[in-house]
Amino acid sequence: MEYEVVIGIETHVQLKTQSKMWCGCANAFGAEPNTQVCPVCLGLPGVLPVANEEALRLTTLTGLLLNCTIARYAKFDRKNYFYPDAPKNYQITQYDKPSTFKGFLDFEFQGGIARVNITRAHLEEDVGKNFHFDRSSGVDFNRAGVPLLEIVSEPEITSADMAHEYLNALKEVLTYGGISDCDMEKGMVRCDVNVSVRPKGQTALGAKIEIKNMNSFSGARRALEYEIPRQIEVVSKGGKLSQETRRWNDEAGITETMRSKEQAHDYRYFPEPDLMPFAPDDDWIASVQRRVVELPLARKQRFMRDFDLPAADAQAFVWDVPLGNYFERAAQQTKSPKTVANWVINNLRARLTETQTTLENLKFPPESLVDLTGLIESGKISTKIAQDVFIEMFNSGEPPSAIVEKSGLSQVSDVDALGKFCDEAIASNPKSVGDYRAGKVAALNALKGQVMKLTKGKANPNLVGEILENKLKN
Amino acid sequence: MAAVEIDVKYVAHLARVTLTSEESQRLGAQLGNILGFIEKLNEVDVSQVEPTAHAVPLVNVTRPDEIRPSLPQGDALRNAPAKANGLFMVPKIVE
Ligand SMILES: [Zn+2]
């Protein structure tokens, strides 16, 4: 029998705010333990949490970027459980009235565009970080109360690879929108994966098995690559799977049972009495709307369509937004955007890296790059000379035509002038001349090289070839 | 007021409290009575009443995203039953 896989993903992402969700402690990674804590985020009695408005904005912005509905009435709830990293013995989250819901994410997958629907994205708080020792554990609450967004996908993902691409695309959108830095090394993104298998064609879902707390996308993919065949094996041998929570053991490369359905938590959600509901008005939503940016996929498709760029070039401009913006300004003024793209990617980007310069400090405007490619296309300078002009342009900011003029770099296309240099080359290289006349066509290159040397690279190489051929025929 | 049956053992487990059987009985009756009072709401017609998440008619209470001073580490750990290397020490966490 053939089986199909159904995967849903819950992605937790730390929001890029200055301060924590309910208090003014810094939201920053890497401080000494328990130095970014206060009575609020330590859960001491008698304190009152107050919502960070920027976190609410970033949540709404995420909703807009993921094509979600923005709730006009959202509220917070308490999720009750006991664990040492949760100082209040409950986590503040959004249970039945999340800030945003019902959206989708499109991404490139297997040569086409895949769509995964988003169930909801709700705002909650991160917990502390545990350290394990021989006979005890230690807790650092610096992370407790950091705003955390949980983005829940519909169970529509059908393979480990698709899960991986979904996660990458989601991360790209979040980074692009300035929602989160998404630094995996710093634990800013974690995910839980729900996976079940069922005979192909069956509509009822199989037993839902959740794999908890993976902190890398490659880990999530490997967990699924292990878990999917495991489930299929059980079911195809007539076994029965039951709902459970598993953990991914990265070192062993296996998933292991954490708790069964019977041991599942009873969270006893109830409305958080310390926080007021959030009911944004039109103006507030419009102010967030102004922060919406073009999504990576849309940008890539637009660059390919409007500027006729190959996918790899367009992708380079998706990854490096300022560089792409710079290219765009130049591309709008040229008929050969592909040539300009080559210069931006191969020359400009390399030079910026080499000299550790940022685009803001670049001395020449996009027009200069367009002029430079124009000089090559009109035959005024060779591609080789253009490299020198580019360096000069990069260093001084002077327009390329002025540099060409000033340095006498203009390509010599005067047949008479070139003829004299050709005569000189022929006279001083009898061996190459003999070889060429004996039928060794390649010997012409040696003579050409001589002429280029004599003209300091300024000669039009094609023209030199023609002149030499004519002269050697006689 | 009719008392409501309540699974005291389960609730006690959720709250991580240990009760003697005498306490279970006494508290069970009290909790049942409390729920019984709330049951009275079932007698009221609320079909015309909007559900609310809060008794105070106030929304959008927020603060600007600004950093304020945190506690010094020593103060933060002052109440900890056990501490080491700036961490709150707890029994070994297993899950
Ligand atoms: Zn705090």
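Looking at segment A:321-361, which of its residues are basic (K, R) and surrounded by 13 or more Cβ atoms within 10 Å (Cβ to Cβ)? Working first, answer last.
Restricting attention to segment A:321-361, the residues satisfying the condition of being basic (K, R) are A:329, A:335, A:338, A:349, A:351.
If the condition is that a residue be basic (K, R) and surrounded by 13 or more Cβ atoms within 10 Å (Cβ to Cβ), then A:R329, A:K338, A:R349, A:R351 are the ones that fit.
Within segment A:92-131, if we keep just the residues that are part of a strand (DSSP E or B) and facing chain B (nearest Cβ under 9 Å), the residue that is most open to solvent (accessible area, probe 1.4 Å) turns out to be A:F131.
Checking segment A:72-81 against the condition returns no match, with no residue being within 14 Å of the ligand (Cβ to nearest atom), modelled with pLDDT of 95 or more, buried (at least 24 other Cβ atoms within 10 Å of the Cβ) and under 19 Å from A:D281 (Cα atoms).
Out of curiosity, is A:N89 closer than 18 Å to A:G145 by Cα, of a type outside the set (A, V, I, L, M) and open to solvent by less than 50 Å² (accessible area, probe 1.4 Å)? No, not satisfied. Check whether at least one residue in segment A:264-278 is within 30 Å of A:A331 (Cα to Cα) and either within 14 Å of chain B (Cβ to nearest Cβ) or free of Cβ contacts under 8 Å to residues at least 24 places away in the same chain (or both), and report yes or no. No, the conditions are met nowhere in segment A:264-278.
Any residue in segment A:91-103 that is within 16 Å of the ligand (Cβ to nearest atom) and not hydroxyl-bearing (S, T, Y)?
Scanning segment A:91-103 turns up at least one residue that is within 16 Å of the ligand (Cβ to nearest atom) and not hydroxyl-bearing (S, T, Y).
Every listed requirement among (1) within 16 Å of the ligand (Cβ to nearest atom); (2) surrounded by fewer than 23 Cβ atoms within 10 Å (Cβ to Cβ); (3) part of a strand (DSSP E or B) is met by A:V139 save one, (2).
Restricted to segment A:25-34, and to residues there that are open to solvent by 10 Å² or more (accessible area, probe 1.4 Å) and within 7 Å of another protein chain (Cβ to nearest Cβ), the residue that is nearest to the ligand (Cβ to nearest atom) is A:A26.
The single condition among (1) farther than 21 Å from A:E154 by Cα; (2) surrounded by 13 or more Cβ atoms within 10 Å (Cβ to Cβ); (3) not hydroxyl-bearing (S, T, Y) that A:M214 does not satisfy is (1).
Only one entry in A:R299, A:R246 is over 23 Å from A:P98 (Cα atoms) and either among the small types (G, A, S) or in a helix (DSSP H, G or I) (or both), namely A:R299. All of (1) buried (at least 23 other Cβ atoms within 10 Å of the Cβ); (2) within 14 Å of chain B (Cβ to nearest Cβ); (3) more than 16 Å from the ligand (Cβ to nearest atom); (4) not in a strand (DSSP E or B) hold for A:D134 with one exception: (1). Candidates A:L61, A:L48: the one that is of a type in the set (A, V, I, L, M, F, W, C), more than 9 Å from chain B (Cβ to nearest Cβ) and surrounded by fewer than 22 Cβ atoms within 10 Å (Cβ to Cβ) is A:L48.
Among the numbered conditions (1) within 9 Å of chain B (Cβ to nearest Cβ); (2) in contact (Cβ under 8 Å) with a residue 24 or more places away in the chain, the only one that A:N67 does not meet is (1).
Restricting attention to segment A:42-66, report how many residues are under 32 Å from the mean Cα position of the chain (by Cα) and either assigned to a loop (DSSP other than H, G, I, E, B) or within 16 Å of the ligand (Cβ to nearest atom) (or both). Let's see the steps before the verdict.
Taking segment A:42-66 and keeping what is under 32 Å from the mean Cα position of the chain (by Cα), we get A:51-66.
Now restrict to residues that are either assigned to a loop (DSSP other than H, G, I, E, B) or within 16 Å of the ligand (Cβ to nearest atom) (or both): A:51-52, A:54-55, A:66.
Final tally of qualifying residues: 5.
Pairs linking a residue in segment A:199-210 that is touching a residue at least 24 places away in the same chain (Cβ under 8 Å) to a residue that is assigned to a loop (DSSP other than H, G, I, E, B) and surrounded by 10 or more Cβ atoms within 10 Å (Cβ to Cβ), with Cβ atoms under 8 Å and 6 or more positions apart or on different chains, are A:L205/A:P155; A:G206/A:L241; A:A207/A:L241; A:A207/A:S242; A:A207/A:Q243; A:K208/A:Q243; A:I209/A:L241; A:I209/A:Q243. The listed residues are A:D266, A:D282, and the only one of them that is at negative phi and either among the hydrophobic types (A, V, I, L, M, F, W, C) or open to solvent by 80 Å² or more (accessible area, probe 1.4 Å) (or both) turns out to be A:D282. The residues listed here are A:L295, A:L241; of these, the one that is under 30 Å from B:Y10 (Cβ atoms), touching a Gly at 6+ places or on another chain (Cβ under 9 Å) and surrounded by 13 or more Cβ atoms within 10 Å (Cβ to Cβ) is A:L241. Among the residues of segment B:61-75, the ones that are farther than 18 Å from A:S19 by Cβ and within 7 Å of chain A (Cβ to nearest Cβ) come to 1 in all.
Of all residues in segment A:35-45, one or more are assigned by TED's automatic domain parsing to the domain that holds A:N89, surrounded by 24 or more Cβ atoms within 10 Å (Cβ to Cβ), modelled with pLDDT of 95 or more and touching a strand residue (DSSP E or B) at 6+ places or on another chain (Cβ under 6 Å).
Could you check segment A:445-474 and list, in sequence order, the residues that are on the phi > 0 side of the Ramachandran plot and free of Cβ contacts under 8 Å to residues at least 40 places away in the same chain? Lay out the reasoning, then the answer.
At the first step, the residues of segment A:445-474 found to be on the phi > 0 side of the Ramachandran plot are A:456-457.
Within segment A:445-474, just A:K456 meets the criteria.
Here is the figure for segment A:1-24: residues that are within 16 Å of the ligand (Cβ to nearest atom) and among the basic types (K, R) total 1.
State yes or no: is A:V6 over 24 Å from the mean Cα position of the chain (by Cα), surrounded by fewer than 18 Cβ atoms within 10 Å (Cβ to Cβ), farther than 30 Å from B:G74 by Cα and among the β-branched types (V, I, T)? Yes, satisfied.
Here A:T69 meets each of (1) closer than 24 Å to A:S287 by Cβ; (2) within 16 Å of the ligand (Cβ to nearest atom); (3) open to solvent by 40 Å² or more (accessible area, probe 1.4 Å) with one exception, condition (2). Of everything listed in (1) within 16 Å of the ligand (Cβ to nearest atom); (2) within 14 Å of chain B (Cβ to nearest Cβ); (3) open to solvent by less than 10 Å² (accessible area, probe 1.4 Å), the single unmet condition for A:L148 is (2).
The values are calculated or read from the model by the stated rules, or taken from the named source; none is laboratory data. Note that the structure is a prediction, hence the values are computed from the model and not measured. No Cβ is skipped: glycine too gets one built from the backbone with ideal geometry, and neighbour counts run over all protein chains shown. All accessible areas refer to the heavy atoms of the entire protein, side chains included, with ligands and DNA or RNA removed. Shrake-Rupley method; radii C 1.70, N 1.55, O 1.52, S 1.80 Å.
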